[in-house]
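Read the structure below first, then the notes.
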Amino acid sequence: MKTRNGFTLIETILYSAIIAVASIYIIGSILMLTNIFGDIRLRSSINISARTAMERMIREIRSAESIDTASIFGSHPGYLKLNTLDNLGNPTSIEFFLDGTNLMIKEGTSQPESLTASNINVSNLVFRQISVSTDSKAVKIESEISLEKFYDTAILRKNYQ
């Protein structure tokens, strides 16, 4: 009786094919998971950037003394200029506007700064002035940031008694 040592050529080809197919499925799954995690990170970055920008605008609107007449309401790109006080109680202004696809803030005479991350595109920014009563005013913010829509409204607290 003859004993076999090793594998036949057909067995080797068959095992190699099985390993190749399994490897393709494993690599495909890893690539798909990498893409999914990348999308999740991007959406998280968009939401964090949008939330941070909206919170800053809302905070500034609430603490403003009044809305400047230079503001542009109801159209894109919107422009909001608030009359407010600095930390020392001196009159100053805060402006919100778009520079290309970046949402910008300008405080007093300082240089404008971006409120959104560099990889975030703001494609729509509209401010709407709402008169709640003769004594109080509010501003509604509508924005589209990297194809996601964000809305918020704030009442000027120092504007009413």
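Quick note: the coordinates plus some simple rules give every number you see, no bench work behind them. Every value quoted in this text rests on a predicted model; they were computed, and no experiment measured them. Note that we place each Cβ from the backbone using ideal geometry, even for glycine, and neighbour counts take in every protein chain shown.
A dipole drawn for the chain from +1 and -1 charges on Cβ atoms has a positive end, and of Asn102, Leu156, Ala50 the residue lying farthest that way is Ala50.
Can you put Thr92, Thr8 in order of Cβ neighbours within 10 angstrom, beginning with the fewest?
Numbers: Thr92 17, Thr8 9.
By the 10 Å Cβ count, ascending, the order reads Thr8, Thr92.
R0 = 35 Å: FRET efficiency of Asp99 with Ile27, Cβ-based, nearest 0.05? Let's see the in-between values first.
Numbers: r = 43 Å, r/R0 = 1.22.
The calculated FRET efficiency here is 0.25.
Compared with the dominant Cα axis of the chain, that is its longest principal axis, helix 9-63 is turned about 10°. Our helix-only sum for the chain, with -39,500 (n - 2.57) per DSSP H run of n ≥ 4 divided by its residues, gives a mean residue ellipticity at 222 nm of -13000 deg cm²/dmol. Spin-label pair Ser118-Glu148: with each label point 7 Å from Cα along the Cα-Cβ axis, the two points sit 2.2 nm from one another.
Note on Arg62 and Asn87: with the Förster distance fixed at 22 Å, the Cβ-Cβ geometry gives a FRET efficiency of about 0.85.
Which chymotrypsin sites (Phe, Trp or Tyr not before Pro) in the range 1-67 sit in a loop by DSSP (not H, G, I, E or B) and have at most 14 other Cβ atoms within 10 Å of their own Cβ? In loop regions of the range 1-67 (DSSP not H, G, I, E or B), the sparsely surrounded chymotrypsin sites (Phe, Trp or Tyr not before Pro) are Phe7. Of the lysine pairs in the range 38-159, how many meet both conditions: Cα atoms under 19 Å apart, and a spacing of 8 or more in sequence or different chains? Taking the range 38-159 as the scope, the lysine pair count is 7.
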